[in-house]
Structure formats: C-alpha cells, structure tokens
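Report on the structure given below.
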Amino acid sequence: MPLPSSVIPSSSRLKRILILGGTGFVGRALCEQLFERDPSGSLVVPTRRARHADAVRPLPTVQPVPADVHDDAQLARLVAGCDAVVNLVAILHGSAAEFERVHVALPRRLARACAAAGVPRLVHVSALGAGPGAPSNYLRSKTEGEAVLMAAMQAGTLAPTLLRPSVIFGAEDRFLNLFARLQALAPVLPLAGGDARFQPVWVDDVARAIVAALERDDTLGGIYECAGPTVYTLSELVYLAGRWSGHERPQLRLPLALGRVQALLMELAPGEPLMSRDNLDSMRVPNVATGTLPGLAALGITPTALEAVAPGYLGPRYARARLGRWRAQAGRE
C-alpha cells in the first residue's frame with residue numbers, strides 16, 4: 001500500500017535534500033533554483049571527483065561530498081538525515097549492463113537506502129519514451145528503473161514522483177551545441193534519423209518541475225511529462241542549430257542501414273561516442289509528450305520556447321564570451 005501522507009515530510013520541512021547527479025547539466029540548474037527557494041537549506045551533492053562540483057560549490061547551501069553512489073554503504077550514509085532525494089543520474093551511451101547498473105540497479109539501491117533511513121520522498125528523472133515495448137537499451141532500462149520505484153511505492157516504503165523530459169536544451173547542453181560544433185567543422189553533415197521527432201524542453205523548466213514536485217504533496221506517486229511547446233524533427237533541430245550558430249550546412253540524409261554503420265564507427269572511436277546504434281533505436285519512439293499524462297502545465301509551469309533561449313547561447317557573441325572566460329580562467333591557473 002502507498003505510504004500514508006502523515007509519514008511523508010511536508011514541503012515546508014524539506015530542509016536537507018540529497019541530489020544525485022547534482023554536478024551535471026540539470027543538477028546545476030536545480031541547485032541554483034533550490035538555493036533561491038530556500039537560502040537556508042542544505043543541498044548534499046555527491047561527486048566522485050571534487051572538481052566536478054566547482055560549478056555549484058559557490059552556492060552556500062551546496063555541500064559537495066566525495067562518494068560513489070553505486071556503493072550501498074556510501075549511499076546509505078548520504079541518504080541518512082535527508083528529508084528528500086532527487087535522482088538525476090543517467091547515461092546516454094553504454095552496454096546493456098551499464099544501462100542496467102545506472103538506470104535500474106541504482107534506483108533499486110536508492111529505494112532500499114531510503115526505506116532503511118525513513119526517507120520516503122524521492123523525485124526521479126526518467127525520460128519520454130519509457131514504457132512497455134521500448135526499443136532501446138536506454139529506454140528499456142529507464143522503464144525498469146521506473147518500475148522499481150513504483151513497486152517500492154506499492155510496498156509502502158517510498159513516495160516517488162517521476163518526471164519524463166524530452167531532450168533538454170540549455171547553454172551547456174550536449175545536443176544543440178553538438179550539432180552547432182559539427183557544422184562549424186564539416187562542409188556537409190551526414191545525418192541519420194532525420195525524421196525522428198523531439199519536443200525540446202528548457203533545462204530551467206525541468207529544474208522548476210523538480211522543485212514543484214518537491215514542494216507539492218499532490219505530485220506524490222505521479223508521472224509527469226516535461227516537454228516544450230513545439231515538436232521538431234531532428235533535421236529541423238540540426239538546421240536551427242546551424243543557423244543560430246552561424247554555421248548552417250547542407251544535410252546528407254542517411255538511410256537507416258548506412259546510419260547504423262555510421263553509429264557503429266562512432267561507437268568504436270576513442271572517447272564518448274557522438275552517436276550510437278542504441279541512440280538510433282531510441283529515436284524509433286517519438287520523443288514527444290503523449291498527452292495521456294500530466295505535463296508542465298499541471299505543475300504550474302509554462303514551457304519556454306526553444307527560439308526564446310537557444311539563439312542566445314548558440315550565437316557567435318555568446319561563443320566569443322565563453323572563449324574569453326576560458327582564456328581568463330587559463331590565465332589564473
């Protein structure tokens with residue numbers, strides 16, 4: 001049975017919040033908004049490398065803690081004494097085993113740790129496209145991770161809120177910025193899956209959704225789709241990234257078979273791949289809101305248009321400013 005509301009801390013008592021993945025793209029935006037919400041609160045942000053916390057360290061409420069969240073003992077120590085937990089940990093590339101470790105085993109560990117510590121309130125960020133019949137390791141593991149948490153709710157040990165965002169954009173995203181950089185380098189951009197559909201959502205809107213889920217008791221046990229106001233094809237998004245960055249290039253649309261060969265070659269290249277075959281499999285499911293679940297509006301949020309934000313951070317002026325900051329930082333080191 002779900003937990004009775006009497007044992008779930010009200011939003012007014014959420015003073016100490018554990019944020020897994022708090023040093024990442026969404027985590028940084030969330031820490032800023034939680035600091036604005038309550039400058040007297042405490043945000044516990046575990047990190048395996050201290051330098052990863054540099055972006056959030058200036059916020060006085062943030063407490064970076066060296067830890068491996070995949071270790072049961074360390075996770076138990078992190079959860080103890082917290083009023084709520086936010087899980088943002090995710091990967092886009094990896095083997096089936098790696099996806100299972102991050103998207104399924106970690107939520108299972110987290111559910112156990114929360115139950116042991118008596119911390120029922122959890123906000124978990126999943127993904128649009130999660131659900132029965134998911135075609136990729138990424139989406140299947142997201143689906144299984146959700147199921148783990150909902151099972152803990154039915155067992156009466158957890159009160160989760162699940163958020164399913166579309167692709168997330170913002171000044172430090174790895175989506176539009178990637179396609180802008182590629183077009184700055186290549187005279188023609190080979191593109192697989194150009195007809196795949198996305199409904200990009202601004203990182204600040206996702207952070208606001210997490211804050212709303214923490215603040216509102218009526219979100220407990222709910223699943224919310226986080227999507228922007230407009231649906232685009234991948235080809236359209238690549239075009240916009242090129243146009244706004246000043247490097248618009250022709251696209252060479254690749255058939256599926258050739259696209260999978262390209263993705264395989266990217267997987268074999270050193271470092272994190274730009275694209276994988278599993279990514280292409282994920283794009284078989286439209287990355288758009290289904291309309292069968294509540295969305296940002298149900299959380300009191302009006303989705304921000306891509307056109308209102310992305311031209312500002314993709315444009316040459318922003319790129320020059322960013323380069324100037326990097327140079328200044330290098331001069332101080």
- Item | Residue check for S136: open to solvent by less than 20 Å² (accessible area, probe 1.4 Å) and either among the aromatic types (F, W, Y) or more than 19 Å from E272 (Cα to Cα) (or both) | no
- Search segment 114-130 for residues being open to solvent by less than 40 Å² (accessible area, probe 1.4 Å) and more than 26 Å from E267 (Cα to Cα), and hand back the single one that is nearest to the chain's Cα centre (by Cα). H124
- Query: Does V148 satisfy the criteria of being under 19 Å from G24 (Cβ atoms) and either open to solvent by less than 40 Å² (accessible area, probe 1.4 Å) or among the polar types (S, T, N, Q) (or both)?
  - Reply: no
- Message: Filter segment 72-94 down to the residues that are open to solvent by 50 Å² or more (accessible area, probe 1.4 Å), part of a loop (DSSP other than H, G, I, E, B) and in contact (Cβ under 8 Å) with a residue 40 or more places away in the chain and list them by number.
- Response: G81, A90, L92
- Message: Filter segment 49-63 down to the residues that are outside any loop (DSSP other than H, G, I, E, B) and open to solvent by less than 40 Å² (accessible area, probe 1.4 Å) and list them by number.
- Response: A53, V62
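Any residue at all in segment 104-113 that's at pLDDT 95 or above, more than 21 Å from the chain's Cα centre (by Cα), at negative phi and open to solvent by less than 20 Å² (accessible area, probe 1.4 Å)?
yes
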- Which of the residues belonging to segment 289-309 are under 18 Å from A171 (Cβ atoms) and either among the β-branched types (V, I, T) or touching a helix residue (DSSP H, G or I) at 6+ places or on another chain (Cβ under 9 Å) (or both)? P303, T304, L306, E307, V309
- Inside segment 229-240, can you point out the residues that are under 27 Å from A186 (Cβ atoms) and either assigned to a helix (DSSP H, G or I) or not polar (S, T, N, Q) (or both)? V231, Y232, L234, S235, E236, L237, V238, Y239, L240
- Message: Quick check on V231: is it open to solvent by 60 Å² or more (accessible area, probe 1.4 Å), touching a Phe, Trp or Tyr at 6+ places or on another chain (Cβ under 8 Å) and closer than 30 Å to P303 by Cβ?
- Response: yes
- Query: Within segment 20-45, how many residues turn out to be out of contact with any Ser or Thr (no Cβ under 9 Å at 6 or more places or on another chain) and over 9 Å from L59 (Cβ atoms)?
  - Reply: 13
- Item | Residue count, segment 34-48 (criterion: open to solvent by less than 50 Å² (accessible area, probe 1.4 Å) and either part of a loop (DSSP other than H, G, I, E, B) or over 15 Å from V211 (Cβ atoms) (or both)) | 7
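The values are calculated or read from the model by the stated rules, or taken from the named source; none is laboratory data. Quick caveat: nothing in here was measured; it's all calculated off a predicted structure. Note that we place each Cβ from the backbone using ideal geometry, even for glycine, and neighbour counts take in every protein chain shown. Calculation scope for accessible area: heavy atoms of the full protein, side chains included, ligands and nucleic acids excluded. Shrake-Rupley method; radii C 1.70, N 1.55, O 1.52, S 1.80 Å.
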